[in-house]
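The block underneath contains the structure these notes are about, expressed in structure tokens.
No lab work stands behind these numbers, since they all come straight from the coordinates. What you are looking at is a predicted structure, and each value in this text was computed from that prediction instead of being measured. Quick reminder, even Gly has a Cβ in these numbers, built from the backbone with ideal geometry, and neighbours come from all protein chains shown.
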Amino acid sequence: MKGEKLQLPVAASRSVAASPGAGAAYPWTSSPVHIDGAQVEAIGGCLADASVPIKHFSSLLIRCPELLTCSPEDLRRRVTQLKEESGLVPGDAVRLVRAIPSALCTDEAAANVLEVATLLRSHGVPDFALSAAVKHCPDLFAVQAKDIEASISYIRQELQYTDEQLAMALEKGLSALTVGADTYVQELQTSLGGMLDTEVTGLLQKQCALFGVDVQNAQAIVKALSDAGLTREEILLLIGMYPQILRQRPSEVALKLAMVTRVLGHKPSSVLGSPTLIFQKTVSSCLGPRFSYIRQHMPESATRWSPSTLVRSKDRDFARIVGVPLEQYSAYKTAWQAEHKRRQEEQSEE
């Protein structure tokens, strides 16, 4: 109500600290904040005019109580600036405001968002990648532009990327810049089983698609490969041959390895023959029914063909390679898929 003094509790006044190395930090409020009720209404109306839903207002204040000290005129001007000058579509600009409301608190913070967007575009990052960053790693835009420039310099010097490689790496790995490129590389080294600095750097130099992979997911992938019986050297070789494996789901990787080793009976290292084929194919439509058919109907020939040979072509070619009528394999595949789906549904209900 107008004229009344609103007192925000201390607990509600606390904001979220930025990620380590993000180059931005939100101060904690240690005492109650007294704000005129008319100011709250004006700021709420300003955010509503900026297409920020009212339901998000309280959460914005909890994470960034400094918003209440801003004038509505300044907020409107900064929101307009983000919408019109950042190059982001209006919806992404609003999404960014909800994710990092501190961007509206000062002219410097709003200008930094614009500088970050401009800097990344200047290094070849396409608009669709920036839009994805707003959705998946909005804290990137709270990082100081100078820190992002330092990360890019590190990538150029240490990984020796060309302009084209740098653009590709940034397109897929913008989230890595929220902690700093040097810190990210150290975390990736740890996640890959403590590989040597030179080994990790060598992988990144050869495979720019590796830059930006989720370090926790990478760690889980390495564990799945190790649990399946691959040696440290084989894991390093596999990642070098097919770096995209570090972006897959660990459970899927483990299941595909089990298909090769337990169902087909091959050694784990057999996947090195053509890892792209093995790990790009799905279990339900290819690996599962084909490997299971060999194991059930042709057990004496289970290791006659390499796993990559059995998944290389269409069902018609597979049937010709193993010497069975296509109709016979097709009927088996349909039954196998139905049973596989039933087991999955049962597991999801447990």
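The C-alpha atoms of the chain define a longest principal axis, and helix 232-241 lies at about 80 degrees to it. Based on C-alpha pairs under 8 angstrom that are at least 6 apart in sequence, the chain has a relative contact order of 10 percent. Rounded to the nearest 20 debye, the dipole magnitude of the chain is 1460 debye, with +1 charges on Lys and Arg beta carbons, -1 on Asp and Glu beta carbons, and the Cα centre as origin.
Among the listed pairs Lys206/Lys267; Lys146/Lys172; Lys146/Lys206; Lys223/Lys314; Lys223/Lys341; Lys135/Lys206, give every one whose C-alpha distance is greater than 24 Å. Beyond 24 Å between Cα atoms: Lys206/Lys267; Lys146/Lys206; Lys223/Lys314; Lys223/Lys341; Lys135/Lys206.
In this Cβ point-charge picture (+1 for Lys and Arg, -1 for Asp and Glu), region 144-212 has a dipole of about 80 debye about its Cα centre. The angle separating the long axis of helix 163-173 from the principal Cα axis of greatest extent in the chain is about 80 degrees. Placing unit charges on the Cβ atoms of the charged side chains and taking the dipole of region 97-247 about its Cα centre, the candidate lying farthest along the positive direction among Thr201, Ala220, Gln186 is Ala220.
Assuming charge only on the beta carbon of Lys and Arg (+1) and of Asp and Glu (-1), the dipole of region 68-141 about its Cα centre is about 260 debye to the nearest 20.
When each of the peptides 294-303, 210-219 is scored by the mean number of other C-beta atoms lying within 10 Å of its residues, the order from highest to lowest reads 210-219, 294-303. Projecting the Cα positions of Leu82, His123, Ser313 onto the charge dipole of the chain (unit charges on Cβ atoms of Lys, Arg, Asp and Glu, taken about the Cα centre) puts Ser313 furthest along the positive direction. Of [x] 20.8, 68; [y] 19.3, 57; [z] 26.5, 87, which is the value of Rg and Dmax of the Cα atoms in Å derived from the coordinates here? Matching the structure shown: [z].
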